Amino acid sequence: MPPGLRGILLMTVSVGMATGTHAVIRHLGSDLPPEEVVVIRHFFALMALSPFIMRAGLRRTLGTHRFGLHVTRGVIGGANALAWYTGLTLVPFVVATSLSFMAVIFLTIGAVLFLGEKAGPRRWSAVIIGFVGALIILRPGIEVITPGAMLVLLSAVLSGVSMLMLKLLTRTESPLTIVVYMYLFRIGVAAIPAALTWVTPTLEHLLWFVLIGVVSSATNMAQAQAFKDADATLLAPVRFTRLVWAALIGFFIFAETPDLWTWIGAAVIGGSISYIAFREAQLKKARDVVDT
């Protein structure tokens with residue numbers, strides 16, 4: 001199979017599995033408090049990473065010169081997880097999925113404002129169009145903007161900020177160190193509210209958490225191989241098959257049917273983000289030509 005086609009197929013599968021884990025999280029959120037889901041989900045994720053931590057050694061894994069940045073990103077990541085897990089239980093599944101794409105828009109704005117990256121009129125136009133897509137879904141003044149939708153948007157903002165910090169951390173930190181600190185601080189942020197609202201999980205709940213851990217690992221492996229096989233610009237639009245997966249899961253599992261405006265808004269957001277990815281690739285190629 002040609003590498004490009006293999007990358008597209010792997011990314012499609014990866015996106016489908018990631019959407020499936022969000023569906024399981026939403027299911028668990030109907031029985032357990034969101035903060036408890038955050039704690040247990042990331043505890044099992046840490047357990048899944050334990051072989052890699054043991055191989056690298058605890059001192060090497062936790063060794064860092066940027067502890068303050070890890071703390072800040074971890075606290076923001078914990079708030080992001082709480083907002084996302086709560087919002088998932090309050091709005092239709094495909095709506096939450098569509099609005100979550102706004103994280104890329106907020107990342108673009110933050111990169112310009114705080115990292116000094118350049119953005120021309122076309123990129124800013126794409127950002128504005130992305131906001132229009134969100135407004136089409138929310139329809140303020142016509143529909144009541146629910147607390148769940150606001151939580152999902154808050155999650156998108158926090159996710160964008162977290163990705164900005166991730167770009168800074170990747171300059172000096174290993175991926176394992178970054179992920180472990182994120183998991184630890186997400187658990188720490190959610191631990192106190194989880195203790196106050198704790199509901200003893202059943203064996204079925206724990207099996208679902210184990211499944212999330214296994215599927216998440218498979219998702220990351222498929223995604224990594226997809227980026228190895230194909231260019232990011234080829235894969236960026238494929239990520240929006242997540243909307244198709246979300247619509248199918250929402251319809252067959254949660255008995256939800258998205259309206260026309262949700263599809264239109266999702267398409268607008270998807271188009272704007274695809275253009276941002278395309279422009280980023282063009283600029284990178286231009287920089288590479290100059291460097292050579």
Item to complete: Could you identify the single residue in SER155, SER174 that is under 13 Å from the mean Cα position of the chain (by Cα), at pLDDT 85 or above and of a type in the set (Ser, Thr, Tyr)?
Response: SER155
Worksheet item: Looking at LEU196, LEU203, which is the one that is under 20 Å from GLU36 (Cβ atoms), free of Cβ contacts under 8 Å to residues at least 12 places away in the same chain and in contact with a helix residue (DSSP H, G or I) (Cβ under 9 Å, 6 or more places away or on another chain)?
Response: LEU196
Item to complete: Assess whether ARG139 counts as being at pLDDT below 90, surrounded by fewer than 17 Cβ atoms within 10 Å (Cβ to Cβ), charged (D, E, K, R) and within 21 Å of GLY271 (Cα to Cα).
Response: yes
Worksheet item: Within the range 165-181, how many residues are under 28 Å from ALA134 (Cα atoms) and either in contact with a His (Cβ under 9 Å, 6 or more places away or on another chain) or buried (at least 21 other Cβ atoms within 10 Å of the Cβ) (or both)?
Response: 1
Discussion item. Looking at THR170 and the list (1) touching a residue at least 40 places away in the same chain (Cβ under 8 Å); (2) closer than 16 Å to THR72 by Cα, which single condition is not satisfied?
Written reply: (1)
Practice prompt. Sort through ALA224, ALA194, ALA236 and tell me the only one that's at pLDDT below 90, of a type in the set (Gly, Ala, Ser) and surrounded by 15 or more Cβ atoms within 10 Å (Cβ to Cβ).
Written response: ALA236
Worksheet item: Under the condition of being more than 16 Å from the chain's Cα centre (by Cα) and closer than 18 Å to ILE273 by Cα, which residue from the range 89-112 is surrounded by the fewest Cβ atoms within 10 Å (Cβ to Cβ)?
Response: VAL112
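For (1) farther than 21 Å from ALA195 by Cβ; (2) part of a helix (DSSP H, G or I), each residue gets a yes or a no:
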residue: ARG26; (1), (2): yes, yes
residue: ILE40; (1), (2): no, yes
residue: PHE43; (1), (2): no, yes
residue: ALA48; (1), (2): yes, yes
residue: ARG55; (1), (2): yes, yes
residue: ARG59; (1), (2): yes, yes
residue: HIS65; (1), (2): yes, no
residue: HIS70; (1), (2): yes, yes
residue: GLY74; (1), (2): no, yes
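Could you tell me whether the range 110-120 includes any residue that is part of a helix (DSSP H, G or I) and modelled with pLDDT of 85 or more? Can you show your working first?
So the first thing to find is which residues in the range 110-120 are part of a helix (DSSP H, G or I), and the list is 110-114.
When the remaining residues are screened for being modelled with pLDDT of 85 or more, the result is 110.
Checked against the condition, which is being part of a helix (DSSP H, G or I) and modelled with pLDDT of 85 or more, the range 110-120 yields at least one hit.
Matching residues to (1) surrounded by fewer than 21 Cβ atoms within 10 Å (Cβ to Cβ); (2) of a type outside the set (A, V, I, L, M, F, W, C); (3) part of a helix (DSSP H, G or I); (4) at pLDDT below 80:
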| position | (1), (2), (3), (4) |
| --- | --- |
| GLU256 | yes, yes, no, no |
| TRP261 | yes, no, yes, no |
| GLY271 | yes, yes, yes, no |
| LYS284 | yes, yes, yes, yes |
| VAL290 | yes, no, yes, yes |
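From the list ALA79, ALA96, pick out the single residue that is assigned to a helix (DSSP H, G or I), within 25 Å of GLY16 (Cβ to Cβ) and of a type in the set (A, V, I, L, M). Steps first, please.
Details: ALA79 fails: within 25 Å of GLY16 (Cβ to Cβ).
So the residue among ALA79, ALA96 that is assigned to a helix (DSSP H, G or I), within 25 Å of GLY16 (Cβ to Cβ) and of a type in the set (A, V, I, L, M) is ALA96.
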Discussion item. Restricting to the range 146-163, count the residues that are assigned to a helix (DSSP H, G or I) and either among the acidic types (Asp, Glu) or closer than 15 Å to LEU88 by Cβ (or both).
Written reply: 12
Worksheet item: Are there any pairs with C-beta distances below 8 angstrom linking a residue in the range 34-59 that is crowded, with 23+ Cβ neighbours inside 10 Å to a residue that is polar (S, T, N, Q) and assigned to a helix (DSSP H, G or I), with the two at least 6 apart or on different chains, and if so which?
Response: PRO34/THR86
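The values are calculated or read from the model by the stated rules, or taken from the named source; none is laboratory data. Keep in mind that this is a model prediction, so the values were computed, not measured. All Cβ positions, even for glycine, are placed from backbone atoms using ideal geometry, and neighbour counts span all protein chains on display.
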